[in-house]
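One structure below.
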Amino acid sequence: MQQVNLGIIGGGTVGGGVFQAVQRNGALMASRLGVCLRVAGMAVRDVHKKRAVRIPPALLTTNWLGVVRDPQVHLVVELMGGTTTARTVALTALRLGKPVVTANKALLSAHGEELFAAAQQYGANLYYEASVAGGIPIIKVLREGLIGNRITRIYGILNGTCNYILTRMKFEGADFAEVLADAQRLGYAEAEPSLDVDGHDALHKIGILASLAHGFWVNPKQIHVEGIGSITSLDIKFAGQLGYTIKQLSIVKPLERAANRGPAMDGSRVQVTVYPTLVPNDHVLASVNHVFNAVLVRGDIVGDTLYYGRGAGQDATASAVLSDLADAALDLKCGTKSRIPPFVPHERAGAVVPIGEVVSRYYLRLDVVDRPGTLARIAAILGRARIGISSVIQPEGHEGDSVPLILMIHDANHAAMGRALARINRLAVVKSPAVMIRVENFE
Ligand code: NAP
Ligand code: HSE
């Protein structure tokens with residue numbers, strides 16, 4: 001049986017998980033693929049570090065270049081994270097004609113086009129299933145399973161750490177910082193956890209999904225992102241009373257004009273956003289809790305499809321890496337180096353819709369002086385901006401100088417809403433800046 005030797009760069013949460021998974025299910029994979037996977041070397045920063053997964057010392061080295069260049073290594077697995085050395089690792093391997101498997105969404109977001117070009121130029125492939133939604137095989141869904149569909153919506157809960165934090169805040173009233181520390185201990189969070197909580201990890205992921213769905217590589221700088229750092233237990237409670245759950249939702253939504261265009265989809269203008277969102281409690285995504293991710297993909301032929309699974313952590317991510325190892329190993333076995341190229345641009349003039357034009361409903365929480373005329377002043381500003389209020393709640397039982405006032409707002413675009421809020425925040429009766437969270441109805 002043909003043997004494929006792996007050079008793994010990174011032996012942390014994911015690298016350790018992949019090593020362990022190859023030991024556990026390598027024989028099963030060999031019987032399915034007719035290829036035997038063997039870890040030939042693993043580069044780490046510190047060979048003496050105590051590791052949760054025991055790696056034979058003979059495999060460990062700090063010399064990643066030696067692993068990549070080793071003629072015995074057929075396939076390079078980049079699991080170190082970051083965008084600087086990781087880029088060099090991937091480019092070096094591709095230039096040597098070695099296929100690369102990576103779980104590194106930050107790398108793809110920043111340097112995807114360069115890496116895809118290198119893969120094409122040097123006739124080696126690049127696989128990245130583990131880069132989005134942990135154990136959910138969502139890259140295969142878009143590249144293969146739904147290849148015959150025009151994708152009209154993607155809604156994703158794509159960051160396990162954020163979902164874990166929001167879930168525990170909702171059900172346990174847990175403290176943000178304490179839950180984040182648990183997410184780090186469990187191996188869910190990025191080495192730099194602000195990437196998770198400020199929404200940039202989800203931004204990297206939704207950029208990859210949007211690019212695959214719409215055929216132009218989305219510039220990450222054009223993706224509007226808001227993190228979960230400003231979400232308070234008060235908003236989680238009021239959202240619950242209104243029948244909603246707050247989730248960090250990543251959205252890909254082509255404007256209707258583009259969705260209805262001809263087969264080439266030339267000129268697609270697509271909303272690509274990441275922000276905390278009120279999800280109706282009767283929608284399936286409201287029930288996706290803890291580290292789980294879910295992605296709802298709507299195709300023009302298939303309709304709605306839903307994918308659910310662990311979005312972060314050692315084993316879930318290792319499972320996705322194994323799937324890429326199988327594809328890459330089969331390429332090597334069959335000599336089909338680019339049966340599925342990593343990315344095929346097929347939209348000549350796609351563009352991301354600027355956030356100012358993005359339309360949604362809103363939840364507004366204001367901290368106001370409880371005095372006659374307050375609501376009228378706020379409503380007048382919204383009315384002049386042609387922004388409609390769908391409901392108003394002033395919860396009873398609040399004491400002190402100010403009280404919360406919750407407004408649910410009809411569809412409005414971000415720019416108009418921003419201007420109206422700036423005026424509302426300047427009112428003397430408004431005691432602190434308004435909290436604005438979007439509301440999604442999944443139409
Ligand atoms: P991690 O636990 O911090 O592991 C990083 C590994 O890279 C460590 O073993 C580290 O060595 C090694 N490393 C760093 N710099 C190196 C260098 N210059 N030379 C050699 N080795 C080096 O990170 P992780 O959680 O496994 O994440 C790895 C990648 O997978 C990231 O791109 C991440 O975004 C992605 N990912 C993670 C998850 C998850 O749930 N954790 C899920 C999906 C994707 P030492 O061990 O000696 O420090
Ligand atoms: N830090 C990431 C998350 C890891 O929490 O989703 C999986 O990509």
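Here the range 172-235 and the range 111-135 have alpha carbon centers that stand 22 Å from each other. Only helices reaching 24 angstrom along their own axis (Cα) with mean Kyte-Doolittle hydropathy no lower than -1.0 count here, and for the DSSP H runs of the chain these are 13-33, 314-334. For the range 29-187, the square roots a ≥ b ≥ c of the C-alpha gyration tensor eigenvalues yield an a/c of 1.5 or more together with a/b not exceeding b/c, which makes the shape oblate.
Candidate cross-link partners of Lys431 among the aspartates and glutamates, defined by an alpha-carbon separation under 12 Å and a same-chain spacing of 8 or more, comprise Asp367, Asp370, Asp401.
By the gyration tensor of its Cα atoms, with a ≥ b ≥ c the square roots of the eigenvalues, what is the shape of the range 309-367: rounded for a/c under 1.5, prolate for a/b over b/c, or oblate?
oblate
All distinct Cα pairs of the range 358-439 go into the 1/r average, and the inverse of that average, the Kirkwood radius, is 12.7 Å. Restricted to Cα atoms, the chain shows a radius of gyration and a Dmax of 23.8, 82 angstrom.
Protein heavy-atom accessible surface, 1.4 Å probe, per residue over the chain: 42 Å². According to the square roots a ≥ b ≥ c of the eigenvalues of the Cα gyration tensor, what is the shape class of the range 169-257, taking rounded for a/c under 1.5, prolate for a/b larger than b/c otherwise, and oblate for the remainder? Note, shape of the range 169-257 comes out oblate. The magnitude of the dipole of the chain, with charges of +1 and -1 set on the Cβ of Lys/Arg and Asp/Glu and taken from the Cα centre, is near 700 debye.
Quick one: of Lys105/Lys237; Lys49/Lys333; Lys105/Lys333; Lys50/Lys221, which pairs are farther than 29 Å apart, Cα to Cα? Checking Cα-Cα distances, Lys105/Lys237; Lys49/Lys333; Lys50/Lys221 exceed 29 Å. For the range 70-92 versus the range 316-395, the inter-centroid distance based on Cα atoms is 31 Å. Taking only the C-alpha atoms of the range 139-310, Rg followed by Dmax gives 16.4, 51 Å.
When the helices in the chain are scored as -39500 (n - 2.57) per DSSP H run of 4 or longer and the sum is shared across all residues, what 222 nm value do you end up with, to the nearest 500 deg cm²/dmol? Mind dumping the intermediate values first?
Values: 13 runs with 156 residues, N = 443.
Calculated mean residue ellipticity at 222 nm is -11000 deg cm²/dmol.
When nucleic acids and ligands are ignored and a 1.4 Å probe is applied, Ser31 ends up with an accessible area of around 90 Å². When peptides 150-161, 243-254 are ranked by their average number of other Cβ atoms within 10 Å per residue, the highest-first order is 150-161, 243-254.
Its Kirkwood hydrodynamic radius, worked out from the mean inverse distance over all distinct Cα pairs, puts the range 274-422 at 20.6 Å. Note on the chain: with neighbouring protein chains present and a 1.4 Å probe, carbon and sulfur make up 51 percent of its accessible heavy-atom surface.
The values are calculated or read from the model by the stated rules, or taken from the named source; none is laboratory data. No experiment lies behind these values; they were computed from the predicted model shown. Heads up, the Cβs are rebuilt from the backbone with ideal geometry, glycines too, and the neighbour counts pull from every protein chain shown. Side chains are part of the model used for accessible areas, which takes the heavy atoms of the whole protein and leaves out ligands, DNA and RNA. Shrake-Rupley method; radii C 1.70, N 1.55, O 1.52, S 1.80 Å.
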